[in-house]
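A short worksheet on the structure shown next.
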Amino acid sequence: MGKANKRRACPAVGREISSAECGENRHSAYACPAECPHNPFAREHYSRLLELEHELDGKTVGWLLREAPDQGVLEREIQRAMAAKSGHATHAFFSWRLFFARDAAGATCAERWERAGFPGLANDERVFLRAKMRTRVALLEIHRVIDADQVEAVDLLAPGEPPRRIVDRGLAARAGRFEGYVAWCYPLPHFWRMSGTAIKLPEMGGFSPDEIVGEIARQLGAPAEGEAAGRWRAENFVRIDEALTATAHERRRRMLTGIDAQWGVATYALEAPPAGIRKKLGREPAVADDELSDKERAEGFSAAWVWLDDPAAHHAGTLPAGGRAVVGRVLLGNTSCRIEAMGAARLARLRSGFEARLGSLVKFTSERRDDLGVRMALEEPVAAAGLVPPRLLEKIDQLSLMSSRVRLPVAEGAPDEMIAGLRRESLKAFPDETIPALGGRTPREAAADAALRPALLRLVKSRMRSLDAENLRTGGTDDINWLVRELGLVELDFPPPPRRATVSVDLPDEDAIDDEDETADAFPAVDPTRPKADPLPDAPLSLEEAGVRMDAALAGFDTAAAAMDELEASGSELLDVADRITADHLAEEDFQFLITFLLHAWFTLVPVGRRAPVLSEDAMCAALVKEIEAVPRWLSGGSKEMINGITAGCRQPALIQILVAEIFEGATKAPKVMRPPPESLPVLIAVVKVVVNELHDALRR
């Protein structure tokens, strides 16, 4: 490398410096600007930052295991934390032990490491660890989703602090405006990071995120404020999650118990021909034609209608413009008629109206009811004693189950588009509707009333959260800011999230956001007490050595699934990384064929029971491009030239020869539907070569 390439312009000190001076001083002695191309903490170098974090976390846990005076106790605690099978529990345990738990002298594990001079850490790692030592549990309220990597949020537990820019792809992919998250956060030189997992706050009626978390903390016995409260949140992160979940379930249980969700059915015998019933109902303005289901036709019914509510009935905020509420349905058979409604009150009204209009044409014969609300309430988990704050059981939404009929425009778009249009019409009416939660005042009136404005802000925030979640689910771009501006709610006027890949918002574990997109999820999801894999010998393995190691490694697995379970248990990201770097080169079925040979390569070099070495995805991606570019050269000669081309540059040439032979044999003997096409074989070989080289390098780092 030439002398010029070893020096670089440094904007922090205004002169040329060596790469060594840069690496030893950036962000410690020198205040590096974000735009410096050699700054690993700049957003543009985020992937490099994740790799740095991954390596640092491994060293940090290693220091904890070596330095802890109670190693036996520590290992048992680790096993318990990991046995919970919870990202919350694992990350919270390591964060507490490293950054919060103090010894008799008042120092944390990380502080003891710092006092020792951070042995084993380079400058960038020391800068990173000092940032992580400022980790705290925050209550984030999202204000903006800036792009695919960044959000802007405020910490409601730190009033008065400015909004912070958080770089986190997982959060940016799913967050909506004014959603609340209890999250581990720490500041890096140019932005904040979210660490580990976060708890998404459930909707709780008229309670704001800070009220929800405040009540949970009081219920669990937290100190009122200050440093002690921050330490308590770190120590009790999992209990906070349990209490939030229990409170949400108990609120839902009480809501379900309180709703009128009796499914009622009344049956009438016909005292007149069916044609007479049809004629009578056809003249009723409160009745509209409806469609029969296949099941209803099989039961012998020939016609169906919906019974509509009085147009003058008041359903403020619950119906689209021009809509009419449905009271229930009427089903007509040859000898009987059935009416059905959701809710005891609606069934009584439907029976009254039906009997008044049909009179002697029908005769009541039976009625049955099924309380769906009580049945669903019984399915809700019973909260453990002491977890649920009584105050958060106030203001429980009273759900009203109701369907409606509205005239849709003809041929104006797909159903989803028409529904979105109806939703927009409903929002247009919102400013001038009387709202019970606003004391019977309208939003327009509440916006000008200092006493009612906070309740209005909570109400509109809830609508913004719902709209952003719906856009995320459907890929839509509807916005509500016109309403915010019309009501003068300037404190809520943040731009909507950019269009993003659609995400289901109905996941069972919706309350948890993981750093699953990050290659460096903070702290291990694998038992850190597993020993590291031994370094490879200086010389490459011979054919005999590679064969013996492969046979010994694979002898312990009865199935490929068992090998994949061990791969996951080791903490390996091999298959995920390989899947990503081959996305543009291999079809899904070809990648499935490849997995067997990736497993063979892995366990030949990484013995069973050892901790996975860290792979560099960026290096593998770049290497694969070069290997694929070289394919035409080693295909242009005979078989000998091909083998020479494949093994050229391979750190383990004997192992790659064995794997290539396996690939060709598998491509010949596999069932026809599983065989990769001939043109895919060179790419498969290139991927395996890249993996072998990266494993070799990782085990020697």
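The values are calculated or read from the model by the stated rules, or taken from the named source; none is laboratory data. Everything numeric in this text was worked out from a predicted model, so none of it was measured. We place every Cβ from the backbone using ideal geometry, glycine too, and count neighbours over all the protein chains shown. Each accessible area value is taken on the protein alone, full model and side chains, heavy atoms only, with ligands, DNA and RNA left out. Shrake-Rupley method; radii C 1.70, N 1.55, O 1.52, S 1.80 Å.
Observations
- Fraction of the pair-distance distribution of the stretch 174-214 above 12 Å, Cα-Cα pairs, percent: 65
- Cα coordinate range in the stretch 5-46, projected on the principal axes (Å, largest first): 23, 22, 16
- Ranked from largest to smallest solvent-accessible area, with a 1.4 Å probe on the protein heavy atoms, 337, 32 come out as 32, 337.
- Dipole magnitude (debye, nearest 20) for the stretch 623-675, charges at Cβ of Lys, Arg, Asp, Glu: 100
- Among beta bridges that DSSP assigns inside the chain, antiparallel share in %, nearest 5: 95
- The equivalent ellipsoid of the stretch 576-686 has semi-axes of 21, 18, 16 Å, largest first, where each one is the square root of 5 times an eigenvalue of the Cα gyration tensor.
- J(HN,Hα) series, the stretch 277-293, from Karplus relation 6.51 cos²θ - 1.76 cosθ + 1.60, nearest Hz, glycine and proline x: 5, 4, 5, 5, 5, x, 8, 7, x, 8, 10, 9, 4, 9, 9, 8, 7
- With 5 Å bins beginning at zero, the pair-distance distribution over Cα atoms of the stretch 4-146 amounts to 2, 8, 15, 17, 17, 14, 11, 8, 5, 2, 1 %.
- Radius of gyration, Dmax [the stretch 215-283; alpha carbons; angstrom]: 27.5, 80
- For Rg and Dmax of the Cα atoms in Å, calculated from these coordinates, the label among (1) 28.7, 95; (2) 32.4, 106; (3) 29.1, 87: (2)
- Helix 344-358 vs. the chain, principal-axis angle (Cα, 0 to 90°, nearest 10): 40
- For the stretch 632-656 versus the stretch 21-36, the gap between their alpha-carbon centres in whole angstrom: 43
- Based on protein heavy atoms only, the chain ends up with 48 Å² per residue of surface accessible to a 1.4 Å probe.
- Tail beyond 21 Å, pair distance distribution of the stretch 1-77 (Cα, percent): 48
- Computed 3J(HN,Hα) for the stretch 615-625, one whole-Hz value per residue from the Karplus formula 6.51 cos²θ - 1.76 cosθ + 1.60 where θ = phi - 60°, is 9, 9, 5, 4, 5, 5, 4, 5, 5, 5, 4, glycine and proline marked x.
- Helix-only arithmetic for the chain: the sum of -39500 (n - 2.57) across DSSP H runs with n ≥ 4, divided by the residue total, places the mean residue ellipticity at 222 nm at -14000 deg cm²/dmol.
- Dipole of the chain, positive end: most advanced residue of 471, 56, 207 [Cβ charges, Cα centre]: 207
- For the chain, the Cβ-based charge dipole about the Cα centre amounts to some 1260 debye (Lys, Arg positive; Asp, Glu negative; other atoms uncharged).
- Using the Cβ-Cβ distance between residue 295 and residue 370 with R0 set to 25 Å, the FRET efficiency from 1/(1 + (r/R0)^6) comes to roughly 0.90.
- Here the stretch 63-169 was treated as a single set of alpha-carbon atoms; its pair distances binned every 5 Å from 0 give 2, 10, 15, 17, 17, 16, 12, 7, 2, 0 percent.
- Share of alpha-carbon pairs per 10 Å distance bin for the stretch 166-309, given as whole %: 8, 24, 20, 11, 13, 14, 9, 3, 0
- With Cα atoms, 0 to 90° folded angle of helix 543-554 axis to the chain main axis: 30
- In a DSSP loop and with at most 13 other Cβ atoms within 10 Å, the GluC sites (Glu not before Pro) in the stretch 151-242 are 225.
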